[in-house]
Every structure is written in C-alpha cells, then in structure tokens.
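**Q** Here you go, one structure.
FYI, it's all coordinate maths here, none of it is from the lab. A quick note: this is a predicted structure, and the numbers were derived from the prediction, not measured. Cβ: placed from backbone, ideal geometry, glycine included. Neighbour counts: every protein chain shown.
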Amino acid sequence: MDPVDGGNPLGQYLRARRRLLRPEDIGLAPGLRRRVPGLRREEVAMLAGVSTDYYVRLEQGRERSPSAQVVGALARALALDDEAAGYLGRLAAPAPRARRRRGRGERVGEDLRRMMEAWPGTPAVVLGRCLDVLAHNALGRALFAGHAHSGDLVRLVFLDPDAPEFFPDWERVAASTVAGLRASAGDDADDPRLVRLVGELCLRSEPFRRLWARHDVRRKTREATKRFRHPLVGELTLSYETLTVNGAPDQQLVLYRAEPGSPSEQALTLLGSLAAPTAAPGDRRGVSPPAPR
C-alpha cells in the first residue's frame with residue numbers, strides 16, 4: 001500500500017479519527033468487550049445520522065462522494081475542529097489539480113531571497129511542500145546549522161540523533177511536524193518525493209510511523225512559540241509566524257523573533273555575529289551549508 005494513503009484517503013482518514021475517539025468523549029457509555037480502540041462504525045453512523053452500511057462503504061472506499069451535509073455530520077460525529085473538518089471536506093470532494101511537472105524542483109523567487117537577506121536580525125527560512133529548506137538568510141541558516149539534516153526539517157526532527165536535545169519540546173515539535181506534512185499530503189498525495197519521504201520515515205522512525213497513523217492535520221499558519229537548545233548560544237525561545245508565498249502556495253516563509261530585551265534576544269544577537277559573512281567557508285561555528293540529502 002502507498003505509505004501516503006493508497007487509493008482511499010477518505011476511508012483511511014475516517015478510520016483513523018474514529019479510532020482516536022473514546023465513547024465517553026462524546027457522551028456514550030464505555031461499554032464492555034470492546035475489541036478495538038475508539039468508536040465502533042455503527043456508533044459513528046448513528047451520531048452522523050447515516051446507515052451503518054453507508055458508513056462502512058465510505059471507510060472501505062466503495063462510496064467516495066458523500067454530500068456536504070453528510071461530511072458536516074461526520075465532522076461533528078468525530079468531534080473534528082475547523083481545520084480537520086475542512087481537510088475531511090477536501091478528501092470527500094478533491095479539487096482538480098494541474099498536472100505536476102516531472103523533474104522540476106521548487107524554486108524561490110529572487111525578490112523573496114533579497115528581502116530575506118535584508119532582515120539580518122530575523123531568522124528566515126522558506127520551506128517546500130515536504131518541509132525541506134529551499135532558502136534561508138544568514139541567521140536562519142545559522143539557527144538550524146550543524147545537523148546531519150539541517151536542510152530538511154522532517155528528517156532533522158525524526159532522524160537526527162541530537163534532535164531531542166536541539167528541540168527541548170521534541171514531542172510537541174514532532175507532532176506538529178507530522179501534522180503539517182499530512183496537510184501537504186492531502187493536496188497531492190501521489191507526489192513521488194512525498195511518497196518516498198513518508199515511506200523512508202515509516203521504516204526508519206517508529207515515532208513518525210505512530211504519528212502518521214493518527215492522521216492529524218495542521219497547517220502552519222498561526223503564530224506560535226518554539227524552544228531551541230542551540231549548540232553555540234544555548235537556550236532560545238522564539239516566536240514564529242508562517243506565511244504563504246504568493247505565486248508559490250506550496251511554499252512557506254517562516255520568520256522567527258525573540259522577545260525584545262530577553263536572554264533569547266541576546267543569544268540571537270550572538271548567533272548573528274557568528275553567522276556574519278566574515279566567517280571562513282566551511283567554518284564549523286554553525287554556519288556551514290546544510291549537509292546534502
């Protein structure tokens with residue numbers, strides 16, 4: 001089976017979300033002799049107001065076009081938030097996609113690159129749809145430098161042995177990373193690069209495999225805070241905001257900021273001095289290019 005979801009993403013999603021719910025979460029009695037975790041199919045069907053046979057056909061992929069009313073009822077039955085409900089709607093009625101050009105990599109516009117370089121005190125990176133780093137300014141490069149997978153944030157989180165040290169809140173970062181990757185997968189699940197990435201990580205990382213099976217979906221569109229333990233400057237607590245790039249909706253511009261006057265701002269200033277262009281090429285002070293994938 002394709003590691004991204006095979007040919008039945010709607011059924012896979014319904015099954016995963018059903019298994020994550022406990023009966024008591026939605027006001028049902030726990031009952032006895034439950035052989036599988038989560039809700040039974042007939043319980044979801046009852047809560048959504050559809051027949052059990054119809055719901056089974058949805059999970060099995062024999063019914064692929066539920067109405068908007070049924071999708072809304074299923075979202076309520078499965079207690080989905082707005083983002084997850086929107087994702088369910090896209091799986092039920094996927095928009096036609098333009099055919100992706102084979103062999104053409106993602107490119108970052110020169111205007112955006114120049115803009116990022118004009119922010120010497122703000123770490124900035126551009127991520128592709130597989131969360132690989134397509135571009136960065138000097139400080140953004142220095143923030144993630146020194147790892148085996150500095151240029152690939154998914155592999156950095158799950159395959160770098162020092163990731164739990166670099167990300168003090170590793171479990172939260174891991175869950176958020178997989179949910180962001182899952183959001184991209186729903187838009188073009190047959191992208192060969194994405195399929196290869198998910199397949200590799202499912203084989204090499206048990207935490208990734210477990211989180212991928214949850215089918216959590218969360219696009220990185222809101223401002224949030226992330227902690228780092230940088231090998232050169234120590235602890236950093238940075239706010240970050242993710243923006244979609246006009247003309248390249250698969251790309252995300254991520255900007256990081258330290259609270260003014262905080263120890264993190266001082267550490268970021270120090271990191272900026274180490275990332276200055278005067279550093280020699282290949283210097284191991286944290287500013288060498290990311291390792292090739």
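**Q** By the gyration tensor of its Cα atoms, with a ≥ b ≥ c the square roots of the eigenvalues, what is the shape of the stretch 9-92: rounded for a/c under 1.5, prolate for a/b over b/c, or oblate?
**A** Verdict is prolate for the stretch 9-92.
**Q** Further, regarding this structure: Apply the a/c threshold of 1.5 to the C-alpha gyration tensor of the stretch 193-251 and tell me whether it is rounded, prolate or oblate.
**A** Verdict is oblate for the stretch 193-251.
**Q** To the nearest 20 debye, what is the magnitude of the charge dipole of the stretch 110-274 about its Cα centre, counting +1 on the Cβ of each Lys and Arg and -1 on the Cβ of each Asp and Glu?
**A** In total the dipole reaches around 260 debye.
**Q** Give me PHE208, PHE166 ranked fewest to most by other Cβ atoms within 10 Å of their Cβ, as a rough exposure proxy.
**A** Listed from fewest to most nearby Cβ atoms, that is PHE166, PHE208.
**Q** Cα centroids of the stretch 155-181 and the stretch 194-254: how far apart, whole angstrom?
**A** Each part reduced to its Cα centre gives a spacing of 8 Å.
**Q** Pop the C-beta distance of SER67 and ALA276 into the FRET formula with R0 = 51 Å and round what comes out to the nearest 0.05.
**A** 0.30
**Q** Between THR52 and ARG209, what is the label-point separation in nm under the 7 Å Cα-to-beta-carbon projection?
**A** For the pair ARG209/THR52, the computed spacing is 3.3 nm.
**Q** Tell me whether the stretch 235-276 comes out rounded, prolate or oblate; compute the Cα gyration tensor, take square roots of the eigenvalues as a ≥ b ≥ c, and use a/c under 1.5 as the rounded threshold.
**A** Here the stretch 235-276 falls in the prolate category.
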